[in-house]
1. How much length is gained if the chain between residue 42 and residue 110 is pulled fully straight, taking 0.36 nm per residue apart and subtracting their Cα-Cα distance, in nm to one decimal?
2. Report Rg (one decimal) and Dmax (nearest whole number) for the chain, counting Cα atoms only, units Å.
3. Taking R0 as 25 Å, what's the FRET efficiency between residue 95 and residue 126 from their Cβ-Cβ distance, rounded to 0.05?
4. With n ≥ 4 as the cut-off for DSSP H runs, can you work out [θ] at 222 nm for the chain, using -39500 (n - 2.57) per run divided by the number of residues, rounded to the nearest 500?
5. Residue separation times 0.36 nm, minus the C-alpha to C-alpha distance between residue 173 and residue 159: what's the value?
6. If I model a spin label as a point 7 Å beyond the Cα along the Cα-Cβ vector, how far apart are those points for residue 71 and residue 189 in nm?
7. To the nearest µm²/s, what D does Stokes-Einstein give for region 1-72 at 25 °C and 0.890 mPa s, using the Kirkwood radius over alpha carbon pairs as Rh?
8. How many Å³ per residue does the convex hull of the Cα positions in region 117-188 occupy?
């Protein structure tokens with residue numbers, strides 16, 4: 001008789017300061033190399049993300065970051081918030097993180113911040129926005145990202161919001177396939193511009 005194979009479901013919980021190193025690395029991965037372009041290197045980028053995690057009211061603050069735990073380890077991370085909070089939090093992220101990178105990189109970082117902000121159309125105001133989501137390589141295809149998306153839906157319901165919105169790069173086919181399986185619809189495509197890849201905006205209406 002074959003032994004029954006069981007699959008442990010990822011546990012999604014609030015961010016804890018002890019998760020800082022793992023969460024910063026995952027948030028870095030979520031942007032497909034954009035943070036390295038912003039800060040100048042992966043090391044500096046992860047330092048800026050760690051700084052944002054320790055501050056309030058940014059797009060990467062502890063209060064909007066959730067982690068997925070599997071086999072006793074941080075397997076995934078997500079930053080998500082009501083969309084009407086996103087713009088002020090993004091501005092706060094910029095102020096906090098610029099202090100962590102060399103001043104000579106500020107013009108390029110500001111350009112990238114503004115260019116990426118124009119790359120995708122705004123989601124509906126009454127939506128819950130997933131700003132960042134990533135799964136550690138060794139935990140992929142084990143339901144980690146889906147557990148985080150389910151948590152985003154739960155938070156949207158708690159906030160009385162009618163949809164969950166997110167963006168990804170057009171060439172990130174695994175992510176696009178995952179979001180479509182989770183019930184999202186691709187609602188807008190943006191062309192590559194100024195050295196940035198094309199983007200896809202997705203939305204899931206909630207019942």
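Quick note: the coordinates plus some simple rules give every number you see, no bench work behind them. Bear in mind that the values here come from a model prediction, so they are computed numbers and not experimental data. A quick note on method: Cβ atoms are made from the backbone with ideal geometry, for glycine too, and the neighbour counts reach across all protein chains shown.
1. Extra length from residue 42 to residue 110 when fully extended: 22.7 nm.
2. 16.8, 66
3. The calculated FRET efficiency here is 0.35.
4. -12000 deg cm²/dmol
5. This chain segment gains 2.0 nm when fully extended.
6. Those two pseudo-labels are separated by 3.7 nm.
7. Value of D from the Cα-based Kirkwood radius: 181 µm²/s.
8. Value for region 117-188: 98 Å³ per residue.
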